Amino acid sequence: MNFALFGYPKAGKTTLFNILTGARAEVTAYEDGKREPNEKVRPLPDARLDALGRIYPERRKVPAALDFVDLAGISYGEVKTSLFLNALRKADGLVHVARGFHNDQIPHAKPAINPRDDIRTMEEELLIADLGSVEVRLEKLDKDLKKAKSPEGETERAVLARLKAHLEEGRPLREFPFHEAEEKLVRSFAFLSQKPILHMINADETDAGRIKAVEDSLAPGRKGTLVLAFCGRIEREILEIEDESEKQVFLAEYGLTEMTPGRFFPAALDLMETIFFYTIGKDEVRAWPLKRHSPALRAAGAIHTDIEKGFIRAEVVPCDVLLGLGSLHDAKEKGAIRLEGREYVVQDGDVIYFRFSV
Ligand SMILES: Nc1nc2c(ncn2[C@@H]2O[C@H](COP(=O)(O)OP(=O)(O)O)[C@@H](O)[C@H]2O)c(=O)[nH]1
Ligand SMILES: [Mg+2]
């Protein structure tokens with residue numbers, strides 16, 4: 001799963017990247033810094049995987065991996081023409097970092113710090129970028145359809161025309177009521193206003209004690225969007241502290257309850273409607289991300305297309321049941337393992353063994 005950190009210049013994107021991934025990428029106050037993105041994969045902390053791993057200590061634990069890319073700042077009004085559009089399109093989730101801190105030493109393109117405005121303009125800019133893609137494609141389709149008839153072309157044109165009207169009303173594609181076939185048809189556009197977006201407010205230190213209030217005051221409450229706040233400067237300092245209890249003291253002094261990753265990961269995964277299922281193989285115990293409400297067949301396909309093609313059945317036991325009984329062997333003895341078919345809707349925390357034939 002991958003996340004793109006993006007936003008207007010000097011918002012604290014690289015600071016957040018470091019906080020989330022443990023990287024030590026350069027953070028710059030003045031010059032634009034480097035243009036190439038920072039990238040780092042971070043294994044997702046997973047208490048259930050850890051517990052399963054303790055049953056099978058000799059097997060390798062493989063957590064889900066989150067891939068972060070930290071892009072250089074994009075100036076106001078320039079998202080549509082940005083070099084980073086492709087990086088944004090590739091992301092499963094967008095992480096927009098908005099500046100909420102005041103510091104005269106750090107340049108800002110607008111007269112005031114206004115994260116609410118930045119959220120609004122950034123969402124608007126993503127929408128405009130999508131509108132651009134739709135218009136370009138429609139123009140091309142119009143030309144092609146004049147030259148030669150094509151039922152597929154007509155269908156696509158009709159869908160895009162509806163998307164265009166929707167976007168022109170200023171509504172993101174997250175709020176478009178896609179049917180499955182339509183969704184498939186436009187998937188390759190990788191529309192930005194269709195992606196889940198997490199707005200991360202880099203709040204002022206003076207707001208450290210009221211992070212929740214900042215979040216509540218800015219939450220747009222629209223489908224597929226979420227606002228979280230963090231104090232980049234304070235957390236960066238805390239990261240330098242080695243001693244765990246000293247860290248807690250420092251956090252408490254500022255009125256903070258938790259570091260950002262502990263809040264970011266569950267919130268982001270929930271926003272992206274991602275659950276996890278687990279496999280216990282002879283060499284490894286592994287966590288697999290999956291879109292919520294997916295059938296067992298899709299879970300099988302996430303592991304390998306052969307398992308999907310040759311699917312026979314899924315042997316399922318919820319992780320907490322397995323942990324309670326002690327091991328897969330005990331779960332089998334106690335009859336706790338269910339046999340499920342391809343349509344079975346996978347639940348968060350299911351431990352699954354797929355029977356398949358090649
Ligand atoms: N006062 C203050 N400065 C910050 C905060 N977060 C980042 N900065 C500073 O803002 C500048 C830009 O930060 P950076 O993370 O590189 O932002 P980016 O350009 O969005 O990647 C650096 O000088 C940081 O030290 C913050 O929460 N408070
Ligand atoms: Mg940066």
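The values are calculated or read from the model by the stated rules, or taken from the named source; none is laboratory data. Quantities reported herein were computed from a predicted structural model and do not represent experimental measurements. Glycine gets a Cβ as well: all are built from the backbone with ideal geometry, and neighbour counts include every protein chain shown.
Any residue in segment 41-51 that is of a type in the set (A, V, I, L, M), within 14 Å of ligand 1 (Cβ to nearest atom), within 29 Å of residue 278 (Cα to Cα) and in contact with a Phe, Trp or Tyr (Cβ under 9 Å, 6 or more places away or on another chain)? Before the answer, list the steps.
Within segment 41-51, the first condition is being of a type in the set (A, V, I, L, M), and the residues that meet it are 41, 44, 47, 49, 51.
The next check asks that each one be within 14 Å of ligand 1 (Cβ to nearest atom); those that pass are none.
Within segment 41-51 (the criterion being of a type in the set (A, V, I, L, M), within 14 Å of ligand 1 (Cβ to nearest atom), within 29 Å of residue 278 (Cα to Cα) and in contact with a Phe, Trp or Tyr (Cβ under 9 Å, 6 or more places away or on another chain)), the answer is no, since none of the residues qualifies.
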Of 210, 222, the only residue that is assigned by TED's automatic domain parsing to the domain that holds residue 261, among the charged types (D, E, K, R) and part of a loop (DSSP other than H, G, I, E, B) is 222
Determine, yes or no, whether residue 260 is within 22 Å of residue 4 (Cβ to Cβ), among the hydroxyl-bearing types (Ser, Thr, Tyr), in contact (Cβ under 8 Å) with a residue 40 or more places away in the chain and within 16 Å of ligand 1 (Cβ to nearest atom).
yes
When residue 173 is run through (1) surrounded by 19 or more Cβ atoms within 10 Å (Cβ to Cβ); (2) in contact with a strand residue (DSSP E or B) (Cβ under 9 Å, 6 or more places away or on another chain), the failure sits at (2)
Hey, any hits in segment 62-77 for a residue that's away from ligand 1 (no atom under 12 Å from the Cβ), in the same structural domain as residue 210 (by TED's automatic domain parsing) and part of a helix (DSSP H, G or I)?
no
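Limited to segment 236-263, what total is found for residues that are within 26 Å of residue 120 (Cβ to Cβ) and buried (at least 17 other Cβ atoms within 10 Å of the Cβ)?
Initial filter on segment 236-263 (within 26 Å of residue 120 (Cβ to Cβ)): 260, 263.
Imposing the further condition that a residue be buried (at least 17 other Cβ atoms within 10 Å of the Cβ) reduces the set to 260.
Going through segment 236-263 one residue at a time, the tally reaches 1.
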Out of 87, 98, sole residue that is farther than 17 Å from residue 38 by Cα, within 16 Å of ligand 2 (Cβ to nearest atom) and outside any loop (DSSP other than H, G, I, E, B)
98
Lone unmet requirement of (1) outside any helix (DSSP H, G or I); (2) closer than 30 Å to residue 204 by Cβ for residue 149:
(2)
Please verify whether residue 107 is in the same structural domain as residue 228 (by TED's automatic domain parsing) and either more than 16 Å from ligand 2 (Cβ to nearest atom) or part of a loop (DSSP other than H, G, I, E, B) (or both), treating the condition exactly as stated.
yes
Output the residue which, of all residues in segment 306-348 that are closer than 18 Å to residue 276 by Cβ and among the β-branched types (Val, Ile, Thr), is surrounded by the most Cβ atoms within 10 Å (Cβ to Cβ).
346
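Could you tell me which of the residues 64, 25, 51 is more than 24 Å from residue 193 (Cα to Cα) and within 14 Å of ligand 2 (Cβ to nearest atom)? Explain how you work it out, then say what you get.
On the way: 64 fails: within 14 Å of ligand 2 (Cβ to nearest atom); 51 fails: within 14 Å of ligand 2 (Cβ to nearest atom).
Just a single option satisfies the conditions, and that option is 25.
For segment 78-109, give me each residue that is surrounded by fewer than 15 Cβ atoms within 10 Å (Cβ to Cβ) and over 14 Å from residue 121 (Cβ atoms).
Initial filter on segment 78-109 (surrounded by fewer than 15 Cβ atoms within 10 Å (Cβ to Cβ)): 78, 81, 83, 86, 90, 102-105, 107, 109.
Correct list: 81, 83, 86, 90, 102, 103, 104, 105, 107.
Could you check how many residues of segment 134-157 are free of Cβ contacts under 8 Å to residues at least 24 places away in the same chain, closer than 30 Å to residue 122 by Cβ and hydrophobic (A, V, I, L, M, F, W, C)? Show your work before the answer.
At the first step, the residues of segment 134-157 found to be free of Cβ contacts under 8 Å to residues at least 24 places away in the same chain are 136, 139-154, 157.
In the following step, the residues that additionally are closer than 30 Å to residue 122 by Cβ were identified as 136, 139-141, 157.
Now restrict to residues that are hydrophobic (A, V, I, L, M, F, W, C): 136, 141.
Residues that pass the stated criteria total 2.
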Test residue 161 against the criterion of being surrounded by fewer than 17 Cβ atoms within 10 Å (Cβ to Cβ), part of a helix (DSSP H, G or I) and outside the structural domain of residue 130 (by TED's automatic domain parsing), and give yes or no.
no
